[in-house]
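Structure first, then comments.
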Amino acid sequence: MKNYLLLSLFLSQINIAYSQSAPGQYSFPAEFEKIDVIWMGWGITTYTDTATKDEVERIHIEMLQALSPYVRIRLIVTDSIQSKILTQKFLVYQIDTSKITYFFSPNWHFWLRDYGPIFVRNSRGQLKGVDFGFNCYGDCRTGFAKTADMGDSIIASSLGLQVIKSNIVSEGGDREFNGKGVMITNEAVELQRNPGKTKQQLEAEYKRVLGVKKVIWLKYASVDDSQSRLAGKLPTGVYSAGGTGGHVDEICRFADERTLLVERMTVKEKNKDSLSQLNYKHLEANYNILKNATDQDGKPFKIIEMPVPDFIIDKHIVSDKSDAFSMPGTIPGDTIRFMASASYMNFVIANGVVLMPKYSRVGFAASQKEKDDRALQIMKEIFPGKKIVQIDTIEINFGGGGMHCLTQQQPGTTMQ
C-alpha cells in the first residue's frame, strides 16, 4: 500500500503529454553512437537457491566501476535514504559518485531495458520519449505490470519530453537498431505479446513510433531464453530460468551500421546432446535469416560469428504454486534442473567502454574458458579503441537476462 501511495503521489505531479501523431524525422539511435546517460535500477534480487545478494550486488558494482569513467548514470532507487547509503558504498569501491544522479521510484529496479525509458532523436538532436505497453512478458499475474507499464512515460515526462504513445506491447530487449533505419526483432516474442495482431500491423507501428524503415524478423529463441511456462521441460529434462521467449539481445547485436555479431554453434557442439541439437536448430534458422537479410539500402550485412556459451545448469527447489506455474509439470517441493540465460550478445556499449559477460569459473569445463577468451578477442577486434571489460554475470543470467537487460541508454543530443 505504501508503494502504491508513493506512486500515485508521483503520478499526480506529472502531466504526461502524449502524442498520437507520427514522430516525423525522429528515430531510435544505435547503441554504438554517442550516449549521454545510462539508466539503471538498483535491484538486488537472487534467482538461485544458493546465491547471496552480495553476489548480485557485485555485478552492479563492477558495472558502475566500468561505466562511470565514460558516461553519466541515472540510478533508480527507492528513496533518498537508499541513495545516501549507496553513495557511501560507491565511495568505498572508488566509483566516481559525481557521475551518478538518482531517480526515486519504489517500482522499477531491475530489468529496466524492457519497461524503462525509450528515447528517439531527430536530426537536430532533440529527444522524445516512446511509451510501449508492458504485460509481464505475456504473463500478467501480478499488479507489477501496471506500475512497470508507466515507467517509460513517467521517466520521459520527468525530463520534459513529449511522449509518443504506442498501441502495442514491446520490450526493449527485443529491439535492435543499426541507427540507419533497420530494426531486428523476433516474431516468437512480439506475436506472443500482442495476440490478434499481425506482423504487418506491428511493423507499421514500429515504423510510426521508432522511425525505422525496415524490420528484420527472427523466428526462434535460444533454448536457454525459452519461456519456461510455455516451453515446459526441455530436452535432457531441464527448464529455462524463466526466459523472455527470444529477445534479440540474446541472439544478435549491431557493432556498427553494417556489422552484425551473431551467436552460432558449431556442428561439434550440436552433437553433444538433444538440448544442443534443438538450440542449434533455432540459432541456425536465425543465422540464415540474418545472413540473407539486407540493410535499408539493400546491401548485405557483414556477419561476425560469436561463440555460444556452454549451458550453465543448477538445481532448484520449486518453492510455491506461482513457481510451479512457471515450471509446468512441477509441484512445490520438487527439485528441478534449470539453466541460465547466457549469451555473449548481452553486452553494453557506453561510448569508450564495452561491458561483456564471461562464464568461466573454477570447476567449469576448459571449453568455457576458451569461449570467453575467443569472445573477448572478437570484441577487441570489432571495437578497436574501446576498453572491453568482462564481468561474471551468471547470478543474474539465472533470472533470465543479463547486463544489457539491466540498462537503457539515453542518446546524446549533440549530433556526431
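What follows draws every value from the coordinates through simple rules; no lab data is involved. For clarity, every value in this text was computed on a predicted model and none was experimentally measured. Here Cβ is always computed from backbone atoms with ideal geometry, including for glycine, and neighbour counts include all displayed protein chains.
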*Determine the relative contact order of the stretch 2-411: mean sequence separation of Cα pairs under 8 Å and six or more apart, normalised by residue count, in whole percent.*
20 percent
*asked:* Taking mean projected area of the Cα convex hull in nm² straight from the coordinates, which label in (1) 22.6; (2) 19.7; (3) 20.9 is the correct one?
replied: (2)
*Sort by residue number and report every cysteine in the chain with no other cysteine beta carbon within a distance under 4.7 Å.*
Cys252, Cys405
*What is the gain in length, in nm to one decimal, between Lys84 and Lys380 on full extension, counting 0.36 nm per residue of separation less the C-alpha to C-alpha distance?*
102.9 nm
*Take the alpha-carbon centre of the stretch 338-416, take the same for the stretch 190-241, and report the distance between them in whole Å.*
22 Å
*Along principal axes, Cα extents of the stretch 156-290, largest first, whole Å*: 52, 34, 29
*asked:* Apply the Karplus curve 6.51 cos²θ - 1.76 cosθ + 1.60, θ = phi - 60°, to the phi angles in the stretch 285-291 and return the couplings in whole Hz, x for Gly and Pro.
replied: 5, 5, 4, 5, 4, 5, 4
_Derived scalar couplings ³J(HN,Hα) [the stretch 58-75; Karplus, 6.51 cos²θ - 1.76 cosθ + 1.60; whole Hz; x for Gly, Pro]_ = 4, 5, 4, 4, 5, 5, 5, 4, 6, 7, 4, x, 10, 7, 6, 10, 9, 9
*Calculate, axis by axis, the spread of Cα positions in the stretch 269-311 along the three principal axes, and write the results as whole Å, longest axis first.*
41, 15, 12
_Calculated from backbone phi, Karplus (6.51, -1.76, 1.60) coupling profile of the stretch 372-380 in Hz, x at Gly/Pro_ = 4, 5, 5, 5, 4, 5, 4, 5, 5
*Once every DSSP H run of n ≥ 4 in the chain is given -39500 (n - 2.57) and the sum is divided by its residues, what mean residue ellipticity at 222 nm do you get, rounded to the nearest 500 deg cm²/dmol?*
-9000 deg cm²/dmol
*For Lys180, go through the lysines and keep the ones whose alpha-carbon is under 16 Å away, minus same-chain ones fewer than eight residues off.*
Lys34, Lys207, Lys213, Lys214, Lys299, Lys302
*asked:* Could you tell me the center-to-center distance, by alpha carbons, between the stretch 290-324 and the stretch 68-98 in angstrom?
replied: 31 Å
_Charge context of Ile317, other residues only, Cβ under 10 angstrom, K/R +1, D/E -1_ = -2
*asked:* So, R0 is 51 Å and r is the distance between the beta-carbons of Lys291 and Ser158; what FRET efficiency does that work out to, to 0.05?
replied: 0.75
*Have a look at the DSSP beta bridges in the stretch 2-411 and tell me what percent are antiparallel, nearest 5.*
40 percent
*Under 27 Å Cα-Cα from Lys315, which lysines qualify once same-chain neighbours fewer than 8 residues away are excluded?*
Lys53, Lys233, Lys268, Lys270, Lys272, Lys281, Lys358, Lys369, Lys371
_Could you work out the percent of alpha carbon pairs in the stretch 226-368 separated by over 20 Å, rounded to a whole number?_
55 percent
*Taking amide H positions as placed in the peptide plane 1.01 Å from N, state which residues far from Tyr239 in sequence (5 or more) or on other chains have amide H under 5 Å from it.*
Leu234, Arg337, Phe338, Met339
*asked:* For Lys321, give me every one of the aspartates and glutamates with a C-alpha distance below 12 angstrom, ignoring sequence neighbours fewer than eight places off in its own chain.
replied: Asp334
